[in-house]
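Notes follow the structure.
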């Protein structure tokens, strides 16, 4: 059983980070701590997608032109895989089908998600600064109490 955890340690780390982030978000009453919890949760999702996108033994999908090589009568413009100097790539399709390639799409999507996550965190922190200016606190209980006392819901009190 321990060997199964060691073999899939990335998934164990993802689960631990995800549960830690969720616990901090739900258990904390401080707005800054909630934002930190959201960032930890988001990081666990990044790690999950990067782990899923990795192919064991896979190579980057980089292709090159085969201008100076003769591949069993294929046209010189045929794209040939760049792995191992394109040796053994004289297949009928022009590609070396024996090589496992990693899909770059999950990694590109994670780069975009990181940018969005940083922007969201910046907005959350700026809203926290503004809340601190108005309520003089960043604790949810005190903010809710101030809302109740001053009746900020727009009804007559």
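Nothing in this text is a laboratory measurement; each read-out follows from the coordinates by a stated rule. The shown structure was predicted, so the numbers you read here are calculated from the model rather than taken from an experiment. Ideal geometry is used to build each Cβ from the backbone, glycine not excepted, and the neighbour counts take in all protein chains shown.
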Open item on the list: Using a 7 Å offset from the Cα along the Cα-to-Cβ direction at both residue 30 and residue 149, what is the distance between the two label points in nm, to one decimal?
Closed with: 2.2
Task: Gained length - residue 54 relative to residue 123, 0.36 nm times residue gap less alpha-carbon distance - done: 21.7 nm
